[in-house]
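K.L.:
So that we are looking at the same thing, I have put the structure below in structure tokens.
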Amino acid sequence: MKYFALIVSIPLLLVTYVDAAPVVFIVRHAEKASTGGKDPDLSVEGQKRADALANMLKDSQITSVFVTEFKRTQETAAPTARAAHVNPTVIPANNIGVLVEKLRALNGNALVVGHTNTIPDVVRALGIATPVSIPEDDYAEIFVVLLGDAPQLLRLHYP
């Protein structure tokens, strides 16, 4: 329980500490259903994870949410977007340049929901030199990028 409380408090501390620089929370979409072809909905487990993400980020002052054209990213972001009273911006998964341009122009904090094959490129394009990879069965990582003159990366895990 202490560990969970620590993880939940980190976004709030980051927002307070880095008042002038936007914070970007980047996650992989939650678990997808085994049916639905190339664009499945979230599974029940994935819906629970999306709710847990919204609960974690509720005090993070999210002002923008970015998703891809796939339902699994949109459904993962939906609870956070509702809680923050923002409409997600859909950017095609293969258009990382447009996403990064929008992230660099932020005046607030953002959630980005992506895929195992796009998140490493987004993180790199935001100025993080440390390579990241996400195992195919890992849905629990949160990449927290502190934008600014010298971007920084924090890697967290959530339930």
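K.L.:
Going by the structure shown, is Thr16 in a helix (DSSP H, G or I), at pLDDT below 95, of a type outside the set (Asp, Glu) and over 16 Å from His115 (Cβ atoms)?
P.N.:
Numbers: in a helix (DSSP H, G or I): yes; at pLDDT below 95: yes; of a type outside the set (Asp, Glu): yes; over 16 Å from His115 (Cβ atoms): yes.
Criteria met by Thr16.
K.L.:
Still on this structure, I have one more. Taking segment 119-159 on its own, how many of its residues are within 30 Å of Ala33 (Cβ to Cβ), of a type in the set (Val, Ile, Thr) and either without any contact (Cβ under 8 Å) to a residue 12 or more places away in the chain or not in a helix (DSSP H, G or I) (or both)?
P.N.:
Of the residues in that region, 5 qualify.
K.L.:
Would you check if there is a residue in segment 93-113 being touching a Lys or Arg at 6+ places or on another chain (Cβ under 7 Å) and either over 12 Å from His29 (Cα atoms) or buried (at least 16 other Cβ atoms within 10 Å of the Cβ) (or both)? Give the steps one after another, and end with the answer.
P.N.:
Within segment 93-113, the subset touching a Lys or Arg at 6+ places or on another chain (Cβ under 7 Å) is none.
The answer is no; no qualifying residue exists.
K.L.:
For segment 95-118, which positions are without any contact (Cβ under 8 Å) to a residue 40 or more places away in the chain and over 20 Å from Ala78 (Cβ atoms)?
P.N.:
Residues satisfying the conditions are Asn95, Ile96, Gly97, Val98, Val100, Glu101, Ala105, Asn117.
K.L.:
Another question, if that's okay. List the pairs whose first member sits in segment 72-90 and is more than 14 Å from Asn55 (Cβ to Cβ) and at pLDDT 95 or above, whose second member is in a loop (DSSP other than H, G, I, E, B) and charged (D, E, K, R), and whose Cβ atoms are under 8 Å apart, counting only residues at least 6 apart or on separate chains?
P.N.:
Final answer for the pair search is Arg72/Asp39; Arg72/Asp41; Glu75/Asp41; Val90/Glu69.
K.L.:
Among (1) within 16 Å of Arg49 (Cβ to Cβ); (2) touching a Pro at 6+ places or on another chain (Cβ under 6 Å), there is one condition Thr116 misses while meeting the rest; what is its number?
P.N.:
With (1) within 16 Å of Arg49 (Cβ to Cβ); (2) touching a Pro at 6+ places or on another chain (Cβ under 6 Å) applied to Thr116, the lone miss is (2).
K.L.:
On to the next question. If Leu106 passes every condition in (1) assigned to a strand (DSSP E or B); (2) out of contact with any helix residue (DSSP H, G or I) (no Cβ under 6 Å at 6 or more places or on another chain) but one, which one does it miss?
P.N.:
(1)
K.L.:
How many residues does segment 67-83 hold that are within 17 Å of Thr118 (Cβ to Cβ), assigned to a helix (DSSP H, G or I) and either among the polar types (S, T, N, Q) or touching a Cys at 6+ places or on another chain (Cβ under 9 Å) (or both)?
P.N.:
Looking only at that region, the number is 3.
The values are calculated or read from the model by the stated rules, or taken from the named source; none is laboratory data. Only a predicted model underlies this, so the values are computations on that prediction, with no experimental measurement involved. For neighbour counting, all protein chains shown are included, and Cβ atoms are generated from backbone atoms with ideal geometry for every residue, glycine included.
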